[in-house]
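These notes concern the structure reproduced below.
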Amino acid sequence: MPSPSRRRRPRRVALAAAAAAAVTAVGVCLYQDLARQGGFASDTRPCSLVSAQTARLVAGTAQGVEAGSSCTWAGPDPQPVLQVQVTRLGTPQARRGFRLVKEESEGKTGPMTAELTDFGDEAFSRIRYSGGVRVTSEVWFRRGDVVVAVRYAPADGDIDPSHAGAYEVAAEAAARLG
């Protein structure tokens, strides 16, 4: 007949294993939270940041084409073109990358840049003119470890609809990002 202490041994081993597994799981979760440094648990799909209704109103088509970290809504030329690009980095790298893009815009005669406060930790908009009549408005914003760029080029090249469209899509993208 086994002694009482031998009957308890499998139960103790099972409890110790369960406790070790729980501590490991908590440690992994905490490490992932610290490693992320920005608060977003997974990569955001760029097409998910714009509703079909908004895409249809701005770009004329509700169907976006996702390629890597960007989503593009475009019809046959000369249709408007809308693009949303999402980049997820560690927060320090996202800050540096965002500032480099912004500094690239400042002091040049081509792009016109404006600070924005509506979208996240940092945001700005800029207007780019291509060689023809096409004008592209861009809204860039950073929220934690995610940098989002919205680019909109209306078919007619008018600056006011270009800026309004990019701003509307960026506002929706920021809201959907959370």
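Brief remarks follow.
- Residue in the stretch 92-100 that is more than 21 Å from ALA55 (Cβ to Cβ) and touching a Phe, Trp or Tyr at 6+ places or on another chain (Cβ under 8 Å) present: yes
- Residue-level analysis places GLY157 among those that are farther than 15 Å from PRO46 by Cα, open to solvent by less than 40 Å² (accessible area, probe 1.4 Å) and in a loop (DSSP other than H, G, I, E, B).
- Condition met for TYR152 (open to solvent by 60 Å² or more (accessible area, probe 1.4 Å) and among the hydroxyl-bearing types (Ser, Thr, Tyr)): no
- In the condition set (1) modelled with pLDDT under 90; (2) loosely packed, with under 12 Cβ neighbours inside 10 Å, GLU104 is compliant with all but (2).
- Some residue of the stretch 56-67 being at pLDDT 90 or above and part of a helix (DSSP H, G or I): yes
- Complete set of residues in the stretch 144-177 that are without any contact (Cβ under 8 Å) to a residue 60 or more places away in the chain and under 12 Å from the mean Cα position of the chain (by Cα): ALA170, ALA174, ALA175
- ALA18 being part of a loop (DSSP other than H, G, I, E, B), at pLDDT below 95, surrounded by 10 or more Cβ atoms within 10 Å (Cβ to Cβ) and over 12 Å from the mean Cα position of the chain (by Cα): no
The values are calculated or read from the model by the stated rules, or taken from the named source; none is laboratory data. As the structure is a prediction and not an experimental result, all values here were calculated from the model. Quick reminder, even Gly has a Cβ in these numbers, built from the backbone with ideal geometry, and neighbours come from all protein chains shown. Each accessible area value is taken on the protein alone, full model and side chains, heavy atoms only, with ligands, DNA and RNA left out. Shrake-Rupley method; radii C 1.70, N 1.55, O 1.52, S 1.80 Å.
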